[in-house]
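Okay, so here's the structure we're looking at.
The values are calculated or read from the model by the stated rules, or taken from the named source; none is laboratory data. The model shown is predicted, which means the values in this text are computed figures rather than measured ones. With ideal geometry, Cβ positions are generated from the backbone for all residues, glycine too; neighbour counts draw on all protein chains shown. Accessible surface areas use protein heavy atoms only, side chains included; no ligands, DNA or RNA. Shrake-Rupley method; radii C 1.70, N 1.55, O 1.52, S 1.80 Å.
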Amino acid sequence: MSLFRNFATGLRSLFRKNQVDRELDEELGAYLEMETAEKTRQGVGRKDALREVRLERGSLEVTKELVRSGGWEFFVETCWQDLRFGLRMLRKNPGFAAVAVLTLALGIGVNTAIFSALNATILRPCRTRTLSNS
């Protein structure tokens with residue numbers, strides 16, 4: 001599958017989830033019917049053939065999850081769900097959210113200050129020496 005088609009299919013499954021789920025249900029249902037028809041042609045009764053196919057293929061819900069998890073859109077959707085859950089939890093505990101934000105701000109600020117100092121003292125002088133020697 002081309003990169004553009006893969007991207008377009010992924011976007012479609014992200015934004016038209018209900019339609020894609022219906023199509024997947026139809027496709028899996030058609031496959032189940034096709035396998036059942038094959039078993040009935042071999043002489044097994046319809047009810048028994050359907051049961052055998054379901055036992056062989058496993059649960060339809062598990063199959064659907066396997067199909068859905070095959071693309072990049074599953075990763076994006078999972079990250080989006082995790083982000084929403086995290087924000088909901090932070091909204092429930094505003095004290096913890098404030099401490100988390102302050103800790104992140106302090107950590108980012110300290111790292112920036114240390115890198116700026118190292119950049120000015122250790123990294124930049126080396127570059128100017130090499131450039132002046134050239």
Next item on the list: Being touching a Ser or Thr at 6+ places or on another chain (Cβ under 7 Å) and closer than 30 Å to Trp72 by Cβ is the filter; apply it to region 1-51 and report the residue that is modelled with the lowest pLDDT.
Entry: Val20
Next item on the list: Can you run down the residue pairs with Cβ atoms below 9 Å, 6 or more apart or on separate chains, where the first is in region 75-99 and outside any helix (DSSP H, G or I) and the partner is β-branched (Val, Ile, Thr)?
Entry: none
Note to self: Name the residue that is modelled with the lowest pLDDT, counting only residues in region 52-82 that are open to solvent by 90 Å² or more (accessible area, probe 1.4 Å) and among the hydrophobic types (A, V, I, L, M, F, W, C).
What the structure shows: Leu66
Check: Among the residues of region 35-51 satisfying the criterion of being assigned to a helix (DSSP H, G or I) and open to solvent by 100 Å² or more (accessible area, probe 1.4 Å), which is farthest from Val20 (Cα to Cα)?
Finding: Arg41
Note to self: Being modelled with pLDDT of 90 or more and of a type in the set (Gly, Ala, Ser) is the filter here; which residues of region 83-132 pass it?
What the structure shows: Gly86, Gly95, Ala97, Ala98, Ala100, Ala105, Gly107, Gly109, Ala113, Ser116, Ala117
Next item on the list: Filter region 15-29 for residues that are more than 20 Å from the chain's Cα centre (by Cα) and open to solvent by less than 60 Å² (accessible area, probe 1.4 Å) and give the result.
Entry: Leu28, Gly29
